[in-house]
Amino acid sequence: MTDKKRVAVVGAGIAGLACAYTLKQNGYDVTVYEKNSYVGGRMSSRTKDGFIFDLGADHLCDLYDRIKYYCNAFGIEWEKMRFLKYAILQKGELIPFADAVGMLSKLRFTWQFFLAKNIGNFLDLDELAGQDTDNAYDYMRRWAGKDVADYYVDAFTSTYQFHRAEEISVAALKGIMKSIETEPGRWHLHRTKGGMQALPNAFAERLDMRLDSPVKEIIGGENVTLVDSTGTAQTFDAVVLASQATVSHKIYKNPTEKQSEILTNTNYSSSISIAFRVDRKLLPDIAVVWVPFVENQAISGYVNEAMKGDEVIHDGKTLICAWLHEDFAKTLLNKTDEEIFAAVKPELLKACPWFTSVDQLHNHDLERWTDAMPKFSHGHLQRVSDFMHEGQGANNVFFCGDYLNGPWTEGALRNGERVAEQLIKAL
Ligand SMILES: Cc1cc2nc3c(=O)[nH]c(=O)nc-3n(C[C@H](O)[C@H](O)[C@H](O)COP(=O)(O)OP(=O)(O)OC[C@H]3O[C@@H](n4cnc5c(N)ncnc54)[C@H](O)[C@@H]3O)c2cc1C
């Protein structure tokens, strides 16, 4: 008999895995349930014809301190991308960022960077919630001009969030601007050798995993009941719901008012990641291209995967990987792979001057994301912050994931660690 507290973690994305690992390190008996046959969720990769294709998250930044910490602890190689140049699409051409707007707009935008210096850390929503005064698009249009709003702010949001800048809080944007201003070198792009899958796999090797195990139902209480895919019910001292908020909303049967409020009010953009095999020599050494919505309403951004080196270059071929803007993605989510490839090719041709014919794009792989990115919209930041202080852990059910902290893999992982600490304090 063991007197260890038993905890189930639902969802083996990077947030759930970091949470489970932290709990295990602190003496808890942890079981992780994952609906897929692989771990990582939106941080995972698939190898096909020798090419590693990152299905969701594509690149990491040097400022991802916790991700770097675990890579180091687990012996995963942290590699700098081979080239780091960015470009932005304007009137069919790819131009350097600095040339995308006129001098006056640039000065006004620079002033906004200066004002952002007093804002909080973008990887901690608690620090930003009090500064959430407006949506990013309207704010920047008013104070820096329409060009800045369209070519920097909306293009940034499209590329990294797949939705428009009206749906992101200006505090979230300014938190990122502050970091770019104060620690520019730390935004250098990196990857893990073996693709995005490497870190989730390393966590999973150290945990008690149940793969191919979608959880059907959670009923909170002094003991929490978990019903697995076979209909078998088990009880735990606590359950961490590290699935997307939309899923947690469906499977958690008796949420409190506060828990229900956060799940109901979390919205995601949709997207599709799509990769084509292309001749390496057609691509200049530009790593990432932002596609402003005013220029193209289908493609939100694309990357030259040759920046990742040997794991994505074979026989003179590499991958170009594009993400779709949410409205375009939604029209394609239910289509077949072939239909999606066919619909995207002409759009990519319009958004990418490196190609002159769709025949240069060879279908490689794609992944559909109904819930791609949580929207950190104006008004929502305070709700999230309040929840993390007051609603968390009721009924011995804890919520966890990128939607409760800040953006991207580092935000998700940090949230997993924070939720583990909250659970340890409560139990
Ligand atoms: C296309 C795309 C590109 C991105 N690019 C980047 C990038 O370049 N850099 C970056 O840092 N971030 C990027 N991100 C964001 C990043 O991937 C996410 O913020 C992060 O991975 C979210 O982790 P998570 O653990 O919160 O959620 P998830 O990874 O979604 O984990 C949730 C897990 O729950 C599982 N699950 C769902 N339902 C059940 C159930 N009923 N039972 C059991 N398990 C269940 C899912 O299968 C999944 O594994 C990108 C995301 C997408 C979609």
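We did not get these values from a lab; they are worked out from the coordinates using the rules stated. Since this is a predicted model, take the numbers as computed values, not measurements. Glycine also receives a Cβ, built like all others from the backbone with ideal geometry; neighbour counts cover every protein chain displayed.
What the table below lists for this structure:
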{"item": "Order of Val9, Val39, Val224 under a 10 Å beta carbon neighbour criterion, fewest first", "result": "Val224, Val39, Val9"}
{"item": "Extension gain (nm, one decimal) between Ser229 and Asp134, 0.36 nm per residue minus Cα-Cα", "result": "29.9 nm"}
{"item": "Candidates Thr336, Thr110, Thr225, ranked by Gaussian network fluctuation over the chain, Cα under 10 Å, top entry", "result": "Thr336"}
{"item": "Qualifying lysines (Cα of each under 23 Å from Cα of Lys91; at least 8 residues distant if same chain)", "result": "Lys106, Lys146, Lys345, Lys350"}
{"item": "Antiparallel content of DSSP bridges confined to the chain, in %, to 5", "result": "70 percent"}
{"item": "Sorted by Cβ neighbour density within 10 Å, fewest at the top, the residues Met388, Met196", "result": "Met388, Met196"}
{"item": "Cα→Cβ-extended label distance, 7 Å offset, between Thr336 and Leu84, nm", "result": "4.4 nm"}
{"item": "Sorted by Cβ neighbour density within 10 Å, fewest at the top, the residues Glu326, Glu79", "result": "Glu79, Glu326"}
{"item": "Selection of trypsin sites (Lys or Arg not before Pro), the stretch 125-208, meeting DSSP coil and at most 16 other Cβ within 10 Å", "result": "Lys193, Arg206"}
{"item": "Cross-link pairs beyond the 19 Å C-alpha cut-off, checked among Lys48/Lys330; Lys281/Lys317; Lys80/Lys308; Lys216/Lys250", "result": "Lys48/Lys330"}
{"item": "Hits among aspartates and glutamates - C-alpha to C-alpha of Lys174 under 15 Å, sequence gap 8 or more where chains match", "result": "Asp124, Asp126, Glu127, Asp132, Asp134, Asp138, Asp154, Glu166, Glu183"}
